[in-house]
Amino acid sequence: QQRAIAFFYKGFEYAAVGFACGLVGQSMANTAMIAKRAYNKSKRASEGADVATGVATGLMAAGGDASSADLANSLVPDEVPVPPLFRTACVWALFMGLSSNARYQAVFGLERIVEGTVLAKKMPLIANVATVCIRFANNIYGGEQFIDMARWAGIQ
């Protein structure tokens, strides 16, 4: 019973932290994306003024019109849409509250088992190596789970 209460309590804590970090992290990423796009747009506009004159002259000489040059100048490479802030934070909360919490509990349990063995007590290096391996595998698996969850939620 105490283990179950701890699981839900930690799940709530992890979800709250995940939501807050999701808001902060995604707002920073969105701000960087928007700033980069604004910079690239102004850069294209300043470079495009020189190029557009040459393109318009070339198009007019070839029988085209200036509106075709404007169209060619306004083309922008495919841009990834800016991810939704609130939905991304909710996905982080869900991921941290469920997946991270469950994996944390499993890692903690496995570490207790390893540290309780006779071999680990005689050779602590064995316990340390096992802990590193368990945590490494946890990180890899957690990253894969987050990618799957993000795709499922439509934020990636």
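The values are calculated or read from the model by the stated rules, or taken from the named source; none is laboratory data. Here the structure is a predicted model, which is why all the values come from computation and not from measurement. No Cβ is skipped: glycine too gets one built from the backbone with ideal geometry, and neighbour counts run over all protein chains shown. Just the protein is used for accessible areas: all its heavy atoms, side chains included, with ligands, DNA and RNA removed. Shrake-Rupley method; radii C 1.70, N 1.55, O 1.52, S 1.80 Å.
FRET efficiency for the TYR9 to ALA29 pair, using the beta carbon distance and R₀ = 25 Å, is estimated at 0.25. With protein chains left intact and a 1.4 Å probe, residues in region 90-132 average 62 Å² of accessible area per residue.
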